[in-house]
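Since the structure comes first, as structure tokens, the remarks are kept for the end.
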């Protein structure tokens, strides 16, 4: 089963910190081997944003090209807004990016691999599954 990998896990993975003991990183390594990683366009954008060095940008862009995007549709953006509003009513704040990730994961029945504790708060009120 494919899994959506959140920016937090990708960031840790891409730093190549082999000494980091993380269940999320081990899960990601295995998911890559099994071709079960699903990239979202918004996660790709987050990973590539802020890279000042052009050669580093190009290197990362080429590496990420191995993971085709699952493109967001209008229905995903609408659902992300609904998720945002639902969580806000419960006193939980989050970013539009996080809620778009949740909406796409929900629609495609995929789990989210994340180390971001905000997703644990969302999962209390949204129909999403988390790994990490």
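The values are calculated or read from the model by the stated rules, or taken from the named source; none is laboratory data. These numbers were taken from a predicted model, which means no experiment stands behind them. All Cβ positions, even for glycine, are placed from backbone atoms using ideal geometry, and neighbour counts span all protein chains on display.
(1) surrounded by 13 or more Cβ atoms within 10 Å (Cβ to Cβ); (2) within 21 Å of residue 119 (Cα to Cα); (3) at pLDDT below 95: which one isn't true of residue 51, the others all being true?
Unmet for residue 51, out of (1) surrounded by 13 or more Cβ atoms within 10 Å (Cβ to Cβ); (2) within 21 Å of residue 119 (Cα to Cα); (3) at pLDDT below 95: (2).
When only residues in the range 33-54 that are without any contact (Cβ under 8 Å) to a residue 40 or more places away in the chain, assigned to a helix (DSSP H, G or I) and touching a strand residue (DSSP E or B) at 6+ places or on another chain (Cβ under 9 Å) count, which is nearest to residue 7 (Cα to Cα)?
So, considering only residues that are without any contact (Cβ under 8 Å) to a residue 40 or more places away in the chain, assigned to a helix (DSSP H, G or I) and touching a strand residue (DSSP E or B) at 6+ places or on another chain (Cβ under 9 Å), the one nearest to residue 7 (Cα to Cα) is 44.
I need a count of the residues in the range 4-22 that are outside any strand (DSSP E or B), under 16 Å from the mean Cα position of the chain (by Cα), touching a residue at least 40 places away in the same chain (Cβ under 8 Å) and within 16 Å of residue 119 (Cβ to Cβ).
First pass over the range 4-22, keeping only residues outside any strand (DSSP E or B): 6-22.
In the following step, the residues that additionally are under 16 Å from the mean Cα position of the chain (by Cα) were identified as 6-14.
Still in the running and touching a residue at least 40 places away in the same chain (Cβ under 8 Å): 6-9, 12, 14.
Imposing the further condition that a residue be within 16 Å of residue 119 (Cβ to Cβ) reduces the set to 6-9, 12.
Of the residues in the range 4-22, 5 are outside any strand (DSSP E or B), under 16 Å from the mean Cα position of the chain (by Cα), touching a residue at least 40 places away in the same chain (Cβ under 8 Å) and within 16 Å of residue 119 (Cβ to Cβ).
Name the single residue, out of those in the range 74-117 being without any contact (Cβ under 8 Å) to a residue 24 or more places away in the chain and either under 12 Å from the mean Cα position of the chain (by Cα) or in a loop (DSSP other than H, G, I, E, B) (or both), that is surrounded by the fewest Cβ atoms within 10 Å (Cβ to Cβ).
91
Scan the range 118-132 residue by residue and report those that are crowded, with 16+ Cβ neighbours inside 10 Å and part of a loop (DSSP other than H, G, I, E, B).
Within the range 118-132, 126, 128, 132 qualify.
Return only the number of the condition from (1) free of Cβ contacts under 8 Å to residues at least 60 places away in the same chain; (2) exposed (fewer than 13 other Cβ atoms within 10 Å of the Cβ); (3) closer than 22 Å to residue 115 by Cα that residue 1 does not satisfy.
Failing condition for residue 1: (1).
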